[in-house]
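Enquirer: My questions all concern the structure below.
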Amino acid sequence: QNNVALKGTATQSSKRDQLGVPEHAINGNKNSGYLSCTHTGHGTGPWWRVDLQQPYRISAVVITNRGDCCWERLRGAEIYIGNSLEKNGTLNPRCASISSVAKGSTDSYCCNQLVGRYITIAIPTREEYLTLCEVEVYGGLVGSSC
Ligand SMILES: *[C@@H]1O[C@H](CO)[C@@H](O)[C@H](O)[C@H]1NC(C)=O
């Protein structure tokens, strides 16, 4: 399967500066240094989202964490998949909770064929920065046979 995130558009709750733009998580570059990652401002419930433009049946979401510092910030982030933008996508079904936050690691989360156009990653329960170095999304178009 292809990484369908590469054809999506990314957005996030806020920007810390001109560097940590949301597109950095879908540019095909898994470098875990700050300059290759997204970075929200500090706040309650930061989120990042990719719009796949149409619904896909998602088999896995693969996330590369930051490696030059601060990898623990991702602890407790949640991955949501669905077609709703209500509450910035956090009411959609949850694929996984991120508990493994090793330095610069790339971890795969199985999403059991959840269907959705929006993949949202959020830290719902605390004030934090959200940084993602790459988010790959593997799935097939709804209605296709594979
Ligand atoms: C959605 O995110 C924006 C930007 O962070 C925030 O201001 C707003 O309160 C959020 N909306 C909801 C319903 O959580």
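The values are calculated or read from the model by the stated rules, or taken from the named source; none is laboratory data. The structure presented is a predicted model; accordingly, all values stated were derived computationally and were not measured. Positions of Cβ are backbone-derived with ideal geometry, glycine not excepted, and every protein chain shown enters the neighbour counts.
Enquirer: Quick check on segment 30-44: of everything there that is over 14 Å from the mean Cα position of the chain (by Cα) and either surrounded by fewer than 16 Cβ atoms within 10 Å (Cβ to Cβ) or assigned to a loop (DSSP other than H, G, I, E, B) (or both), which residue is nearest to the ligand (Cβ to nearest atom)?
Expert: Applying the filter and picking the extreme gives Gly43.
Enquirer: If the requirement is being within 16 Å of the ligand (Cβ to nearest atom) and either loosely packed, with under 15 Cβ neighbours inside 10 Å or of a type outside the set (D, E, K, R) (or both), which of these qualifies: Val4, Val50?
Expert: Checking each option against the conditions leaves just Val50.
Enquirer: Could you list all residues from segment 11-25 that are farther than 20 Å from Ser97 by Cα, buried (at least 20 other Cβ atoms within 10 Å of the Cβ) and under 12 Å from the mean Cα position of the chain (by Cα)?
Expert: Result: Pro22, His24.
Enquirer: I'm told Leu52 meets every condition in (1) assigned to a loop (DSSP other than H, G, I, E, B); (2) of a type in the set (A, V, I, L, M); (3) in contact (Cβ under 8 Å) with a residue 60 or more places away in the chain except one. Can you identify the failing condition by its number?
Expert: Going through the list (1) assigned to a loop (DSSP other than H, G, I, E, B); (2) of a type in the set (A, V, I, L, M); (3) in contact (Cβ under 8 Å) with a residue 60 or more places away in the chain, Leu52 breaks only (1).
Enquirer: Then there is this: Give me the pairs, please: first residue somewhere in segment 127-143 and in a strand (DSSP E or B), second residue anywhere and surrounded by 23 or more Cβ atoms within 10 Å (Cβ to Cβ) and of a type in the set (Gly, Ala, Ser), beta-carbon distance under 7 Å, and either six or more positions apart or on two chains.
Expert: Once the first residue is in a strand (DSSP E or B) and sits in segment 127-143, its partners that are surrounded by 23 or more Cβ atoms within 10 Å (Cβ to Cβ) and of a type in the set (Gly, Ala, Ser) give Glu134/Ala25; Val135/Ala5; Val135/Ala25; Glu136/Ala5; Val137/Ala5.
Enquirer: Go through segment 65-117 and report how many residues are assigned to a loop (DSSP other than H, G, I, E, B), polar (S, T, N, Q) and either at pLDDT below 95 or within 17 Å of Gly45 (Cα to Cα) (or both).
Expert: Qualifying residue count for the region: 4.
Enquirer: Which of the residues belonging to segment 81-90 are aliphatic (A, V, I, L, M) and more than 17 Å from Ile58 (Cα to Cα)?
Expert: Matches in segment 81-90: Leu85 only.
Enquirer: From Ser84, Ser99, grab the single residue that is of a type in the set (Ser, Thr, Tyr) and within 14 Å of the ligand (Cβ to nearest atom).
Expert: Sole residue among the options that is of a type in the set (Ser, Thr, Tyr) and within 14 Å of the ligand (Cβ to nearest atom): Ser84.
Enquirer: How many residues does segment 7-29 contain that are within 14 Å of the ligand (Cβ to nearest atom) and over 17 Å from Leu74 (Cα atoms)?
Expert: Residues in segment 7-29 being within 14 Å of the ligand (Cβ to nearest atom) and over 17 Å from Leu74 (Cα atoms): 1 in total.
Enquirer: Moving to a separate point now. Within segment 104-146, which residues are surrounded by fewer than 23 Cβ atoms within 10 Å (Cβ to Cβ) and among the hydroxyl-bearing types (Ser, Thr, Tyr)?
Expert: Scanning segment 104-146 gives Ser105, Thr106, Ser108, Tyr109, Tyr118, Thr125, Tyr129, Tyr138, Ser144, Ser145.
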